[in-house]
Every structure is written in C-alpha cells, then in structure tokens.
Amino acid sequence: AKRWIEQSRESAQDQSAQYEFASTGKAYGELGSLLGWSDAEQQARTAETVLQKLCLHDHAVESGARDGSTLSLADRFENVLETGRDIASALTEDGVYQEVQRAALQLLRGESCVILRLNTEGEEADKRSCVPVAGDLDMEIRSDTVWQAVETGRAFSFTEQSTNETSNEVFAKELSVVCAPIFVRGVPNACLYVTQGQVTSFFGDNEERLAGFIATLAGAALENADGFQQLH
C-alpha cells in the first residue's frame, strides 16, 4: 500500500497536480498513523496545509464541486495559453492537426483522439463523408454524431454504448465522447473527436468549453497555415 501511495504522489507531482498530490499525502498520513509509519504525522500536516492554502475541502471535490471549480480543472486551464500558442504557431495543416490532438488529450484528458477531415461538397447527407487524418486513425467513430456537431456548430458531449467482440465473448461498455467541429472561414473543415472509456459521462460542460476553444483555435490556425502556404 505504501509503495502504491508513493507512486501516486510521484505521478501527481510530475503532472503538477497540486490537489491530487496533497490528497494523496493526506491518505498517506491517515494510513501511516494506523500502521506506525514514522513520517505519517508530518506528511498529514503538510498535506493539510497545502489543502487549506488551496481553499479546497474533501467533500467539495468528492461531490464534483457543484460549481465545477476543482483544482484539477484549474491545472488544465493553466495549460490553455501554452497549448493555444502551439496550435496558433503551426504553419502547416498537418502541424495544426498534431498540435490539436496533443492539446485535446492534455486538456480534455481523454484516452483517444482523432481529427476527421470533412467532405461537405454534396448537399445530400449520403454524399457527406469524414476521413481520419490525424491521431488514432483506426478508432471507431459515429459519423451521425460528427454531422450533428457540425449542424449545431458547437462542441457537445455524450455517452454511447459500444460492443466489443472477441472469439470467446461479446461485451458492451460505456464510452464517453466529446465532439467539436472545426470551421475554416465559416465552412466546416474538420472535427475533433475525443473518447474516454474508463468513466461514464466523463466529459461535461467544462470539457465542452475546452473542446470548443481548441476547435476555434484550430480553425484560425488552419486559415493562417493556408495563407502562409499561398504566400510561400
């Protein structure tokens, strides 16, 4: 147990996740006091001090913080400026897509991400298509969901049930998805599609806003990249 807790703290420290680091330290202190660990009391005091400075309480975080303002979310927003700058500075279409995928996985904390290029030349629904161009190219997607996002013009999240088949068994699992259309000069050009298979309803309003932010930056960056290529 001690080894796993220490590994958890190291992981939180590597990600600069202050609340998770302090929360794990508190758990270390509580368990250590029962098992006689020599540094348990000191670890518990340090964790409590950090939590008080962050003005966070366990019940608020465990309930999802009614206003959604958890430190985990704050940590992500600290990276918004950096990831936005990386997307905006990409000067090729492929470069933009790569930065968008990286930003989506980092800010939305999904497991898989794919960027889909849209073909909207045909006005009829059966002539429209979406082709994976970056990210997890083999990931299964729901095209009807993609076009629903395009038609609404905004990011939205949902939970779907996917069925996996093997030679011995068939089982279903819940898959959390957030989908955000990318517009270039007012025309739907691509779509960001991110999934998380470990937690049901993992994506919420905050993730929708972040996905919309990423998609907006991506559209501006693609316009810029196109202009740069023409100038070049």
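The values are calculated or read from the model by the stated rules, or taken from the named source; none is laboratory data. Predicted, not measured: the structure shown is a model, and the values here were computed from it. Backbone-built Cβ (ideal geometry, glycine too); neighbour counts: all protein chains shown. For accessibility, only protein heavy atoms count, side chains too; no ligands or nucleic acids. Shrake-Rupley method; radii C 1.70, N 1.55, O 1.52, S 1.80 Å.
Looking at the stretch 10-53, which of its residues are of a type outside the set (Ser, Thr, Tyr), over 24 Å from GLN106 (Cα atoms) and open to solvent by 80 Å² or more (accessible area, probe 1.4 Å)? Passing the criteria: GLU30, LEU34, LEU35, GLU41, GLN42, ARG45, GLN52, LYS53. LEU56 meets each of the listed conditions (1) at pLDDT 90 or above; (2) of a type in the set (A, V, I, L, M, F, W, C); (3) not in a helix (DSSP H, G or I) apart from (1).
Listed here are the residues, each with its yes/no results for (1) under 14 Å from the mean Cα position of the chain (by Cα); (2) at pLDDT 90 or above; (3) among the small types (Gly, Ala, Ser); (4) open to solvent by 20 Å² or more (accessible area, probe 1.4 Å).
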| site | (1), (2), (3), (4) |
| --- | --- |
| PHE77 | yes, no, no, yes |
| ARG109 | yes, no, no, yes |
| VAL114 | yes, yes, no, no |
| ARG117 | no, yes, no, yes |
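Residues that are more than 17 Å from ARG102 (Cα to Cα), in contact with a helix residue (DSSP H, G or I) (Cβ under 7 Å, 6 or more places away or on another chain) and open to solvent by 40 Å² or more (accessible area, probe 1.4 Å) within the stretch 178-219 comprise PHE183, ARG185, ASN189, listed in sequence order.
Per this entry, GLU93 is counted among residues that are modelled with pLDDT of 85 or more, surrounded by 10 or more Cβ atoms within 10 Å (Cβ to Cβ) and more than 17 Å from the chain's Cα centre (by Cα).
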